[in-house]
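Take a look at the structure below.
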Amino acid sequence: MSSIHQEVTFNAAPARLYQALVDSKRFAEVTGVPATGDSTEGAPFSAFGGHITGRHVELVPGKRVVQAWRAKTWPEGVYSVVRFELQAEGSGTKLVFDHAGFPPDMKEHLASGWQTNYWDKLSHAG
């Protein structure tokens, strides 16, 4: 099983990052691409104009987001698990991120994609 572990610090409170991750309207504003879905456990979501789809598995406001997550190019029925842990650090947030269970040949693409499509964009969410 392939996995990615990344840790990133943001100049935004955990609650603001949490909202940007789970509120589809806010996510679309931050990333500049379409997103849909409800911000409740079990609810489906889509991001990046439907290229990414999944479900919110666990939502702990301001602290944790766990999602079943897949790219539409993956084989049917293949989902990975992403976990965003949000830890207050001064006036900002340390985000501890883990992504597991994706197709092994996608590791490099996904690792750089999290940086470009999430962390770089979320750094302006504060």
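Could you please give the count of residues in region 81-99 that are farther than 18 Å from F10 by Cα and open to solvent by 30 Å² or more (accessible area, probe 1.4 Å)?
We begin by selecting, within region 81-99, every residue farther than 18 Å from F10 by Cα; these are 81-82, 99.
So of that shortlist, the ones also open to solvent by 30 Å² or more (accessible area, probe 1.4 Å) come out as 81.
So the answer is 1.
Output the residue which, of all residues in region 101-126 that are hydrophobic (A, V, I, L, M, F, W, C) and farther than 26 Å from R16 by Cβ, is least open to solvent (accessible area, probe 1.4 Å).
Among those that are hydrophobic (A, V, I, L, M, F, W, C) and farther than 26 Å from R16 by Cβ, it is F102.
Restricting to region 47-80, what's the tally of residues that are free of Cβ contacts under 8 Å to residues at least 12 places away in the same chain and open to solvent by less than 60 Å² (accessible area, probe 1.4 Å)?
Selection size over region 47-80: 1.
If you take the residues of region 1-15 that are open to solvent by 50 Å² or more (accessible area, probe 1.4 Å) and assigned to a loop (DSSP other than H, G, I, E, B), which of them is nearest to E89 (Cα to Cα)?
Checked region 1-15; the qualifying residue nearest to E89 (Cα to Cα) is N11.
For region 16-46, enumerate the residues that are in a loop (DSSP other than H, G, I, E, B) and either over 29 Å from S91 (Cβ atoms) or free of Cβ contacts under 8 Å to residues at least 60 places away in the same chain (or both).
D23, V33, P34, A35, D38, S39, T40, E41, G42, A43
The values are calculated or read from the model by the stated rules, or taken from the named source; none is laboratory data. Here the structure is a predicted model, which is why all the values come from computation and not from measurement. Positions of Cβ are backbone-derived with ideal geometry, glycine not excepted, and every protein chain shown enters the neighbour counts. In case anyone asks, the SASA skips ligands and DNA or RNA and just uses the protein heavy atoms, side chains included. Shrake-Rupley method; radii C 1.70, N 1.55, O 1.52, S 1.80 Å.
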